[in-house]
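Novice: Take a look at this one; I'll ask things after.
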Amino acid sequence: MATHFINGEYVQSTGSTIREVVNPATGEVVDTTPRGTVEDVNAAVQAAVDAFPGWWDTSAAKRGAILYRAVEAIRANVAELAHLLTCEQGKPLAESQMEIHRFAHTIEHYAGLAKNLRGGYVPNLDERAHGLILKRPYGVCAAIVPWNFPVSLMGNKVGPALVAGNTMVVKPAETTPLTDLRVIELMSRAGLPAGVLNCVTGQGSVVGQALIEHPQVAKIGFTGSTEVGRQVMASAAKTIKRVTLELGGSDPLIVCDDADIDQAVSAASVGRFFNCGQACLAIKRIFVFEAVADEFTAKLVAKVKKLSVGPGLEAGSRLGPLHTPGQRAEIEAQVQDAVERGAKVLAGGRRPEGIQYEQGNFYLPTVLADVAPDSRVMTEEVFGPAVPIVPVKDLDEAITRANSSIFGLGSSVWTRDLNKATRAAERLEAGYTWINSVAKIYDELPFGGFKQSGVGQEHGSEAIDHYMATKAVVIKTE
Ligand code: NAD
């Protein structure tokens with residue numbers, strides 16, 4: 001059994017309930033972890049409180065150097081970590097390897113920014129008085145992480161928090177705690193002082209809630225659904241805790257009449273179906289100009305029908321299983337709702353057949369046309385491999401329909417016309433807009449949702465600001 005990681009070592013839970021971690025492709029139990037208790041959270045927070053003064057006093061350059069060593073340890077173990085990630089999460093092995101590399105890149109990015117932490121100086125506020133603008137770490141921060149990218153989304157919080165001088169307690173998703181625990185162990189063995197990075201496994205309503213309510217936790221970095229994000233924000237309000245919320249999305253992809261259609265088709269296929277459609281930034285609605293709608297649709301359907309579905313550990317699988325039976329039931333209900341409202345299924349729309357699929361949560365990649373605007377696939381987040389295609393007259397209609405969503409995470413526009421590209425970039429209500437590109441996140445750029453897709457940003461140097469308090473100091477001399 002895997003256990004919590006607190007103060008530099010694996011420790012047993014004070015409780016006795018455990019949770020099985022199940023392989024989504026086979027239904028087999030990979031391992032078990034404790035369902036952590038409030039006492040376990042208190043122990044982890046205390047370890048982080050005790051470690052904070054020493055970590056804050058460590059020079060920023062040395063904090064960066066320690067994080068660089070942690071990155072080396074992760075890169076030396078990519079094969080083992082990726083295998084474990086596929087077993088607990090389900091994604092194809094190649095995508096797991098990409099995710100581990102992505103984590104390493106993020107931590108390396110923040111290690112590199114360590115020597116660049118800056119405050120400010122304001123001369124002559126009054127006679128012989130000047131001001132300093134200090135940036136200081138908050139103290140103990142908590143990271144609450146979902147199951148779809150358990151490692152890279154943990155990295156988005158650990159990197160900026162630790163480089164800024166905070167210590168941290170991580171709560172992974174209940175269904176994907178194993179790779180996170182192993183990554184934290186490797187980083188600690190590589191030189192992170194005990195207590196700087198801790199991990200408590202268990203339920204959101206117990207472990208997550210205890211972290212949010214803990215008086216000594218100063219900041220919550222949360223990634224998950226909009227629904228749970230709302231609860232996190234409300235609970236954090238009781239102690240006016242700082243929050244960064246990265247929540248759900250329903251990203252539009254707009255294909256204009258002058259676009260390179262083949263490239264737009266490839267982008268739609270990758271953007272919708274990587275991680276079996278279970279990505280916040282996945283393409284979830286396609287708006288295509290009427291003039292090119294038939295060509296685009298025919299090419300996308302042909303491409304999607306060739307995507308191979310199978311266990312993530314099997315070479316050649318492009319789509320693994322859905323993460324849980326519940327996730328598959330949800331996508332089935334959303335597709336059925338669209339069909340009942342008149343949608344046509346152009347590809348997929350059902351489970352694959354064959355004995356090799358019987359134990360896993362598999363579902364075929366699905367393309368829908370003639371979708372009613374009030375269908376669930378248009379109004380809700382679709383967290384699985386199904387996409388509606390909607391023809392539009394022009395760019396203004398595309399932008400209006402793209403913006404008619406409670407979400408505002410990412411967006412993608414395919415055009416060779418600079419005027420259309422610029423207008424779309426300005427008008428789309430989304431924290432990220434890709435022009436002739438899709439869903440690729442850069443550590444160098446800030447990423448955060450508009451509307452009900454989030455509060456604050458991860459990535460970029462902006463993320464560090466979200467893990468530091470700003471303080472004014474006035475110095476008066478004789
Ligand atoms: P979720 O909201 O169900 O759970 C996320 C985490 O919150 C888990 O660790 C869970 O245990 C914990 N949690 C649940 N209830 C809690 C509570 N009451 N208090 C504290 N913690 C609690 O999300 P999920 O199903 O694991 O992930 C999928 C969702 O995450 C999708 O909506 C997706 O769009 C979103 N997501 C957003 C981003 C982004 O960057 N914006 C990235 C990835 C995923």
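Novice: Binning at 5 angstrom from zero up to the longest distance, how are the C-alpha pair distances of region 36-110 distributed in percent?
Specialist: Going from the shortest bin to the longest, the percentages are 3, 14, 16, 13, 15, 19, 15, 5, 0.
Novice: How much accessible surface area, in Å² rounded to 10, belongs to the heavy atoms of LYS299 with a 1.4 Å probe?
Specialist: Accessible area of LYS299: about 80 Å².
Novice: Next question. Among GLY221, ILE261, PRO385, pick out the residue whose Cα is farthest towards the positive end of the charge dipole of the chain, where Lys and Arg carry +1 and Asp and Glu carry -1 on C-beta, about the Cα centre.
Specialist: GLY221
Novice: Please report the spacing between the Cα centers of region 383-440 and region 80-147 in Å, no decimals.
Specialist: 29
Novice: Relative contact order for the chain: what percent, with Cα pairs under 8 Å and sequence separation of 6 or more? Intermediate values should be presented prior to the final figure.
Specialist: Values: 1142 pairs, mean separation 86.8, N = 478.
In percent, rounded to a whole number, it is 18.
Novice: ILE355: accessible area at probe 1.4 Å, nearest 10 Å²?
Specialist: 140
Novice: Using a 1.4 angstrom probe with every protein chain in place, what is the largest-first accessible-area order of HIS83, HIS109?
Specialist: HIS83, HIS109
Novice: Related question: Which order do the peptides 115-125, 204-214, 391-401, 344-354 take when ranked by the mean count of other beta-carbon atoms within 10 Å per residue, highest first? If you can, show how the numbers build up before the last one.
Specialist: Numbers: 115-125: 11.3, 204-214: 21.4, 391-401: 17.4, 344-354: 15.6.
Highest-to-lowest ranking by the protection proxy: 204-214, 391-401, 344-354, 115-125.
Novice: LYS306 to ILE355: FRET efficiency via 1/(1 + (r/R0)^6), r the Cβ-Cβ distance, R0 22 Å, to the nearest 0.05?
Specialist: After rounding, the FRET efficiency stands at 0.50.
Novice: Something else about it: Find the relative contact order for region 269-412 and round it to a whole percent, using C-alpha pairs within less than 8 Å whose residues are 6+ positions apart.
Specialist: Computed over region 269-412, the figure is 32 percent.
Novice: Additional query: Under a straight-distance cross-link criterion of Cα-Cα below 21 Å, which lysines are reachable from LYS115, leaving out those fewer than 8 residues away in the same chain?
Specialist: Those lysines meeting the cut-off are LYS62, LYS135, LYS157, LYS471.
Novice: Ignoring ligands, DNA and RNA, what percent of the accessible area of the chain is carbon or sulfur (1.4 Å)?
Specialist: With neighbouring chains kept in place, the figure for the chain is 53 percent.
Novice: While we're looking at this one, here's another question. Probe radius 1.4 Å, ligands and nucleic acids left out: which of TRP147, TRP414 has the largest accessible area, and how do the rest follow?
Specialist: Sorted descending by solvent-accessible area, the residues read TRP147, TRP414.
Novice: So how tilted is helix 60-75 from the main axis of the chain? Cα-based, degrees 0 to 90, rounded to 10.
Specialist: 40
Novice: Same structure, new question: Once you sort the root eigenvalues of the Cα gyration tensor of region 251-442 as a ≥ b ≥ c, which label holds: rounded (a/c under 1.5), prolate (a/b larger than b/c) or oblate (the other case)?
Specialist: prolate
Novice: Please give the charge dipole size of the chain, origin at the Cα centre, charges +1 on K and R Cβ atoms and -1 on D and E Cβ atoms. Round to the nearest 20 debye. Display every interim value, and only then the final one.
Specialist: On the way: 46 positive and 53 negative charges, 156 e Å.
I would put it at about 740 debye.
Novice: Classify region 43-175 as rounded, prolate or oblate, taking a ≥ b ≥ c as the square roots of the eigenvalues of its Cα gyration tensor: rounded when a/c is under 1.5, otherwise prolate if a/b is larger than b/c and oblate if not.
Specialist: Verdict is prolate for region 43-175.
Novice: Ranked by accessible surface with a 1.4 Å probe, highest first, in what order do GLU9, GLU429, GLU340 come?
Specialist: GLU340, GLU9, GLU429
Novice: So for region 251-442, taking the charge dipole from beta-carbon charges (+1 Lys/Arg, -1 Asp/Glu), which of LEU368, THR415, ALA347 sits furthest toward the positive end?
Specialist: The residue sitting most towards the positive pole is ALA347.
Novice: What does the charge dipole of region 251-442 about its Cα centre add up to, to the nearest 20 debye, if the Cβ of each Lys and Arg holds +1 and the Cβ of each Asp and Glu holds -1?
Specialist: On the way: 21 positive and 25 negative charges, 84 e Å.
For this selection, approximately 400 debye.
Novice: Now a separate question. To check you understand DSSP bridge types, tell me what percent of the beta bridges within the chain (both residues inside) are antiparallel, rounded to 5.
Specialist: For the chain, the DSSP antiparallel bridge percentage is about 45.
Novice: Only four residue types carry charge here, +1 at the Cβ of Lys and Arg and -1 at the Cβ of Asp and Glu. Report the dipole size of region 195-253 about the Cα centre in Debye, rounded to the nearest 20.
Specialist: Computed charge dipole of region 195-253: roughly 260 debye.
Novice: List the relative contact order of region 196-254 as a percent without decimals, with contacts defined as Cα pairs under 8 Å and 6+ residues apart.
Specialist: With pairs under 8 Å counted, the relative contact order is 34 percent.
Novice: Turning to a different aspect of this structure: What translational diffusion coefficient, in µm²/s and rounded to a whole number, does the Stokes-Einstein relation yield for the chain at 10 °C and a viscosity of 1.306 mPa s, taking the hydrodynamic radius as the Kirkwood radius over Cα pairs? Walk me through the numbers before you get to the answer.
Specialist: Numbers: Rh = 23.2 Å.
The diffusion coefficient I find is 68 µm²/s.
Novice: Compute the helix-to-body angle for 226-237: its Cα long axis versus the longest principal axis of the chain, expressed 0 to 90° and rounded to tens.
Specialist: It works out to around 20 degrees.
Novice: In addition: Roughly how many Å² of MET378 are accessible to a 1.4 Å probe, to the nearest 10?
Specialist: 20
Novice: Given axes a ≥ b ≥ c from the Cα gyration tensor, I'd like to know whether region 325-406 is rounded (a/c under 1.5), prolate (a/b larger than b/c) or oblate.
Specialist: prolate
Novice: I'd like the distance between the alpha-carbon centres of region 28-52 and region 341-366, rounded to an integer number of Å.
Specialist: Their Cα centres are 39 Å away from one another.
Novice: Per residue, how many Å² of accessible area does region 401-463 show with a 1.4 Å probe?
Specialist: Here the residues of region 401-463 average 44 Å² of exposed surface.
Novice: Hey, what angle do you get for helix 38-57 against the long axis of the chain, alpha-carbon based, 0 to 90 degrees rounded to 10?
Specialist: 60
Novice: Can you compute the helix-only [θ] at 222 nm over the chain? Use -39500 (n - 2.57) per DSSP H run of at least 4 residues, normalise by all residues, nearest 500 deg cm²/dmol.
Specialist: After summing the helix terms and dividing by residue count, I get -12000 deg cm²/dmol.
Novice: Can you give the % of DSSP beta bridges in region 251-442 that are antiparallel, to the nearest 5?
Specialist: If I count the DSSP bridges inside region 251-442, around 15 percent turn out antiparallel.
The values are calculated or read from the model by the stated rules, or taken from the named source; none is laboratory data. All values derive from a computational prediction rather than experimental measurement. Positions of Cβ are backbone-derived with ideal geometry, glycine not excepted, and every protein chain shown enters the neighbour counts. Surface accessibility is based on the protein's heavy atoms, side chains included, excluding ligands, DNA and RNA. Shrake-Rupley method; radii C 1.70, N 1.55, O 1.52, S 1.80 Å.
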